[in-house]
Amino acid sequence: MSLRVDTECVEDVLIVRLEGELDHHTAELLRHKLEDDIMRNPVSHLLLSLENLHFMDSSGLGVILGRYKQMNARGGDMMVCSLSPVMYRMFELSGLFKILKIKESEHEALLAWEVA
């Protein structure tokens, strides 16, 4: 399976919806896409919506951590939402919950940023 990446800007939030598998085959594609979108758009926040992400390995975790650092360096913020139980456990085991905010839905995340 491959990775599908859909992005949408809502005010100063870049919403990234991932579908499929984020692994060593697709991580570099995602990294380039997000870096480009973040640089081209006046965004302060990055929201990863992972409802349809079925698999992720350490390469995917590395891309997510890198985008967190990129947003932090810009003075921005990053959240993750719509995690399946498998993805929730992956984030828990990796320790990413210590630095990333987790929300139940895109709407909840946008409300936290006072965008919705």
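Fully extending the segment from residue 5 to residue 84, taken as 0.36 nm per residue of separation minus the present Cα-Cα distance, adds 26.7 nm.
Footprinting exposure proxy ranking of 68, 88, fewest other C-beta atoms within 10 angstrom first, gives 88, 68. Charges were assigned to the Cβ only: +1 to each Lys and Arg, -1 to each Asp and Glu. The resulting dipole of the range 3-112 about its Cα centre is roughly 360 debye. Approximating the spin labels as points 7 Å out from Cα along Cα→Cβ, the residue 52-to-residue 114 distance works out to 3.3 nm.
In the chain, helices alone account for a calculated mean residue ellipticity at 222 nm of -12500 deg cm²/dmol, with every DSSP H run of four or more residues adding -39,500 (n - 2.57). I'd like the distance between the alpha-carbon centres of the range 11-87 and the range 91-116, rounded to an integer number of Å. The two parts, judged by their Cα centres, are 12 Å apart.
Inter-label distance, residue 39 to residue 92: 3.8 nm, where each label sits 7 Å from its Cα along the C-beta direction. For 7, 26, the sequence from fewest to most other C-beta atoms within 10 Å is 7, 26.
Taken together, the values in this text are just the output of simple stated rules run on the coordinates, not laboratory data. Quick caveat, the model's predicted, so the values are computed rather than measured. Note that each Cβ is placed from the backbone with ideal geometry, even for glycine, and that neighbours are counted across all protein chains shown.
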